[in-house]
Amino acid sequence: MSYVDEVYEKVVAKNAGEPEFHQAVKEFLETVRPVVEKHEEQYRKLALLERLCEPERQIRFRVPWVDDNGQVQVNTGYRVQFNSAIGPYKGGLRLHPSVYFGIIKFLGFEQIFKNSLTGLPIGGGKGGSDFDPKGKSDNEVMRFCQSFMTELYKHIGADTDVPAGDIGTGAREIGFMYGQYKRITGLYEGVLTGKGLTYGGSLARTEATGYGLLYFTEELLKINNIDIAGKTAVVSGSGNVAIYAIQKANQLGVKVLTCSDSTGWIYDPDGVDVTTLQLVKEQHRARLTEYKELRPNSVYHEGRADGGVWGVKADIALPCATQNELNLDDAKALVANGVIAVCEGANMPTTLDATEYLKEQGVIFGPAKAANAGGVATSALEMSQNSERLSWTFEEVDAKLKQIMINIVHNIDAAAKEYGKEGDYAAGANIAGFLKVADAMIAQGVV
C-alpha cells in the first residue's frame with residue numbers, strides 16, 4: 001500500500017464519525033500524491049503526513065451563559081490549533097448549531113494550506129461553538145461571547161493564535177470577544193482580526209473574502225484567455241462573502257442573478273441589487289422574502305425549489321454559503337447550462353464527486369483554499385497594522401489583497417504544470433500550499 005493510502009486509512013480510523021475531516025484529508029492527499037511519491041522515503045521516515053494530519057492541539061470546553069429569561073444555557077466551545085510550521089495559528093471562529101470537532105478539524109486542516117498560499121507567515125487553526133446567534137438578543141450574544149472568551153483567552157495571543165470571524169461571527173461577536181480578552185488579560189493587542197475600525201480593525205477586511213474571490217476568478221479566467229466583463233453569475237449565500245462577491249462582480253461588469261439563505265433563494269433578472277441585499281441582511285438581519293418585497297421584479301423560491309441557484313443558466317458559479325452545498329446533480333445542471341467556471345467562496349462547498357465531474361467536463365475550477373484566501377490574507381494584513389500601530393487606507397489594503405490573489409493564481413497554475421496536472425487548479429493549490437509547509441516542518445525537526 002502506498003504511503004498516501006496508509007495515512008488516509010489511519011486518519012479515518014483515528015477520527016471516527018468525522019466525515020467532513022475525512023473528505024478534506026482525502027481530497028488533499030489524492031492531489032499531492034505526485035509530490036509524496038517523489039519524496040516518499042524521506043516523508044515516510046519523518047512521518048510527515050501523519051504529523052500534518054494530526055492537530056498540534058485540540059481544545060474543547062464548556063460555555064455556560066444566561067439567557068434573557070434568566071435560564072442558564074450550556075454550549076460547547078472548540079479550538080483546533082492545527083499547524084504552526086510557518087507562523088502563529090490563524091483561522092476563524094464559527095458559531096453555528098452544526099459545529100463539532102469534525103467540522104472544526106476539516107476547516108483547520110484546509111486553513112493550513114490556504115494560509116500558506118497567501119505567502120504570509122501564518123499557520124492553520126480554527127474554532128467555534130454550537131451556539132446559534134440567530135434569534136438571540138445583543139445581550140445574549142454578549143454573555144455567550146464573554147463566557148466563550150473566558151476559556152479561550154488562555155490558549156490564544158497575538159504571536160500564538162489569532163482567531164477571526166466565520167459563519168455566525170461578525171463584527172458584533174468579535175467586539176464582545178475582544179472586550180472580554182482585554183478585560184481579562186489587560187492587553188491591547190492584535191489577538192483577534194475582523195475588529196471594528198475604532199479599535200484596531202483594518203479597512204477592506206469586511207469586503208476581503210468576497211472581493212478576493214472575484215480578483216481570483218478574474219485572473220483565473222484571464223490566464224485561460226477569457227474576459228470576465230459581460231459574464232453572468234449565480235451566487236449562493238447572502239452573508240458577508242456573498243454580499244461583497246456580488247458587489248465586486250458588479251464592479252467588474254458581471255451580472256449576478258441569484259443569492260440564497262437557509263430558507264430559500266432569489267432570482268433577480270435585473271441583477272441582484274447589493275444595496276437592497278445589505279439592507280435586508282446586514283441591517284434588518286431578515287430573510288430573503290424581504291428582498292422580494294423590496295425588488296418586486298425578483299422571484300423568491302422556498303428551500304431548493306426548482307433546482308436552487310445552480311439550476312439558473314449562467315457563465316460563472318460562485319458557491320459562497322457552506323460546505324457540500326453543490327452536489328453532483330447541481331454540477332450536472334451547471335454544465336448543462338454552459339457554465340465555464342466554478343470558484344469557491346465558501347469552505348469546501350463542492351462535494352468530491354461534483355468536483356471531479358466539473359473537472360472532467362472541462363469547467364475551470366477554483367478551489368476554496370485558493371479562491372477564498374482573501375479573507376485570511378487581509379486578516380494577516382490587519383495583524384501587521386496592529387503590530388506596527390498603523391492604519392492603512394482602504395486603497396492600500398485593497399491593492400495588496402488584489403496582488404496576493406493574482407499571485408495565488410499564478411503559483412497554483414505553476415505548481416499544477418510542474419507536476420503534470422496543467423489546468424487542475426485544485427491539485428495546484430494543494431501542491432503549492434503543501435510544499436511550503438512540508439519544507440518548514442522538515443527544517444524544524446521532529447516537533
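Miscellaneous remarks
- Antiparallel bridge percentage (DSSP; both residues within the chain; nearest 5): 55
- For segment 126-197, trypsin sites (Lys or Arg not before Pro) meeting the loop criterion (DSSP other than H, G, I, E, B) and having at most 12 other Cβ atoms within 10 Å: Lys134.
- Of the three principal axes defined by the Cα atoms of segment 1-120, the extents in descending order read 61, 33, 20 Å.
- When the alpha carbon gyration tensor of the chain is reduced to an equivalent ellipsoid, the three semi-axes, largest first, read 30, 29, 21 Å.
- Comparing Asn327, Asn224, Asn240 in a Gaussian network model of the chain where C-alpha atoms under 10 Å apart are linked, the largest mean-square fluctuation is found at Asn224.
- Segment 159-258: chymotrypsin sites (Phe, Trp or Tyr not before Pro) falling in loop per DSSP and having at most 13 other Cβ within 10 Å: Tyr188
- Cα extents for segment 320-438 along the principal axes, largest to smallest and rounded to whole angstrom: 51, 32, 23.
- D by Stokes-Einstein for segment 157-269, Kirkwood Rh over Cα pairs, 25 °C, 0.890 mPa s: 153 µm²/s.
- Dipole in debye (nearest 20) - segment 280-389, about Cα centre, beta carbon charges: Lys, Arg +1; Asp, Glu -1: 260
- In segment 15-60, trypsin sites (Lys or Arg not before Pro) in a DSSP loop with at most 11 other beta-carbon atoms within 10 Å: none
- Along each principal axis, taking the top coordinate minus the bottom one, the Cα set of segment 160-216 gives 39, 23, 20 Å in descending order.
- Between the C-alpha center of segment 395-447 and that of segment 208-224 there is a gap of 15 Å.
- Estimated D of segment 208-371 in µm² per second, where Rh is the Kirkwood radius over Cα pairs and Stokes-Einstein applies at 25 °C, 0.890 mPa s: 161
- Other residues whose C-beta falls under 15 angstrom from the C-beta of Val63 contribute a net charge of +1, scoring Lys and Arg +1 and Asp and Glu -1.
- GNM flexibility winner over the chain from Gly190, Gly70, Gly239 (Cα, springs under 10 Å): Gly70
- Pairwise inverse Cα distances across segment 56-188, averaged and inverted, put the Kirkwood hydrodynamic radius at 14.8 Å.
- Based on the Kirkwood approach, the hydrodynamic radius assigned to segment 1-55 is 11.3 Å, with every pair of different Cα atoms included.
- Placed amide H near Gln73: partners under 5 Å, 5+ positions off or other chain: Trp65, Val66, Asp67
- Rounded to the nearest whole angstrom, the semi-axes of the ellipsoid equivalent to segment 389-447, taken from the Cα gyration tensor as √(5λ), stand at 27, 20, 6, largest first.
- Candidates Ile223, Ile156, Ile408, ranked by Gaussian network fluctuation over the chain, Cα under 10 Å, top entry: Ile223
- Rounded to the nearest 20, the Cβ-based charge dipole of segment 208-371 about its Cα centre (Lys and Arg +1, Asp and Glu -1) stands at 220 debye.
- Exposure proxy shown here: for Val299, Val437, Val191, the number of other Cβ atoms within 10 Å sets the order, fewest to most, as Val299, Val437, Val191.
- Sequence-distant residues sharing a close amide H with Gly91 (under 5 Å, placed H): Gly125, Val162, Ala164
- The relative contact order of segment 1-88, computed from alpha carbon pairs under 8 Å that lie at least 6 residues apart in sequence, is 23 percent.
- Relative to the Cα centre, the charge distribution of the chain, modelled as +1 at Lys and Arg Cβ and -1 at Asp and Glu Cβ, gives a dipole magnitude of about 900 debye.
- Rg followed by Dmax, in Å, when segment 264-303 is reduced to its Cα trace: 9.1, 24
- q = 0.14, 0.28, 0.32 Å⁻¹, segment 137-186: log10 I(q)/I(0) [Debye, one scatterer per Cα]: -0.31, -1.18, -1.37
Since every read-out is calculated from the coordinates, none of them should be taken as a lab result. Owing to the predicted nature of the structure, the values given are computational and were not obtained by experimental measurement. Virtual Cβ from ideal backbone geometry, glycine too; neighbours counted across all protein chains shown.
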